[in-house]
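Comments concern the structure below.
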Amino acid sequence: TDDAWAVAGNLLLHWDGTVWVAVASGVTQNLTAVRANGSTVAIAGDAGLILRRSGTTWERVAPTGPVPTTFNDLWATGSGATIEAFAVGTGGTIARRQADASWVAQTSPVTADLTAVAGVAADDVWAVGSAAGFVHWNGTAWSAHAAPSGAAPVALCANASDELWAVG
């Protein structure tokens, strides 16, 4: 591919098909996660930071409600005006980007840190954290699910509604 993004500390990197190029994000916070969906790119970071790429510039998007110290990961589905996204972070914080482009805090069933989020649809999203176990969004509410004994999940991948992989 000739269009990939990565974050490292407060550095934003873009792959142009040949080389990685540093791109100014306009922020000094630590950047923790990046997700791209077509031409839409979103970045999460410290102090509740969420950035969205608009053309060639980055726009800071502020969720309403409680803001965590850090958003650890984010996941999105849809395209254009219908993008829905979820960001997870410290203290079990979950923020959701709705189809109208507003971000709202969600009621989380856990208070432990969430480190990763993935889904297969806007109404089938999972998040994990080593002390939090699993939480699931069914389109209406989040519910907690215990991790298997001895497991401390920190990352996950959702391939289908019946195929979820977690490590940790």
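Observations on the model:
- Looking across segment 98-120, the residues that are closer than 18 Å to I83 by Cβ and open to solvent by less than 30 Å² (accessible area, probe 1.4 Å) come down to W103, V117, A118, G119.
- Whichever residue in segment 70-83 is surrounded by 19 or more Cβ atoms within 10 Å (Cβ to Cβ) and more than 9 Å from the chain's Cα centre (by Cα) and, among such residues, is nearest to L164 (Cα to Cα): I83
- The numbered conditions (1) more than 23 Å from V120 (Cα to Cα); (2) in a strand (DSSP E or B) are all true for S25 except (2).
- Any chance G17 is within 24 Å of A95 (Cα to Cα) and among the small types (G, A, S): no
- Residues being open to solvent by less than 50 Å² (accessible area, probe 1.4 Å), small (G, A, S) and not in a strand (DSSP E or B) - total across segment 28-53: 1
- A95 of a type outside the set (V, I, T), assigned to a strand (DSSP E or B) and closer than 23 Å to L31 by Cβ: yes
- Per the listing V125, V88, the residue uniquely under 24 Å from R52 (Cβ atoms), in contact with a Leu (Cβ under 8 Å, 6 or more places away or on another chain) and crowded, with 16+ Cβ neighbours inside 10 Å is V88.
- In segment 99-111, the residues that are modelled with pLDDT under 90 and in a loop (DSSP other than H, G, I, E, B) reach residues that are open to solvent by 40 Å² or more (accessible area, probe 1.4 Å) and among the aliphatic types (A, V, I, L, M) with C-beta atoms within less than 9 angstrom, at least six apart or across chains, in these pairs: A99/A81; D100/A81; A101/A81.
- Within segment 138-168, being in a loop (DSSP other than H, G, I, E, B), of a type outside the set (S, T, N, Q) and loosely packed, with under 11 Cβ neighbours inside 10 Å holds for G139, A141, A146, P148, G150, D162.
- Residue in segment 10-20 that is at pLDDT 85 or above, buried (at least 19 other Cβ atoms within 10 Å of the Cβ) and closer than 23 Å to L156 by Cβ present: no
The values are calculated or read from the model by the stated rules, or taken from the named source; none is laboratory data. Since the structure is predicted, the reported quantities are computational estimates derived from the model, not experimental observations. FYI the Cβ positions are ideal-geometry reconstructions off the backbone, even for glycines, and counts take in every protein chain you see. Protein only, heavy atoms only, side chains kept; ligands, DNA and RNA dropped before computing areas. Shrake-Rupley method; radii C 1.70, N 1.55, O 1.52, S 1.80 Å.
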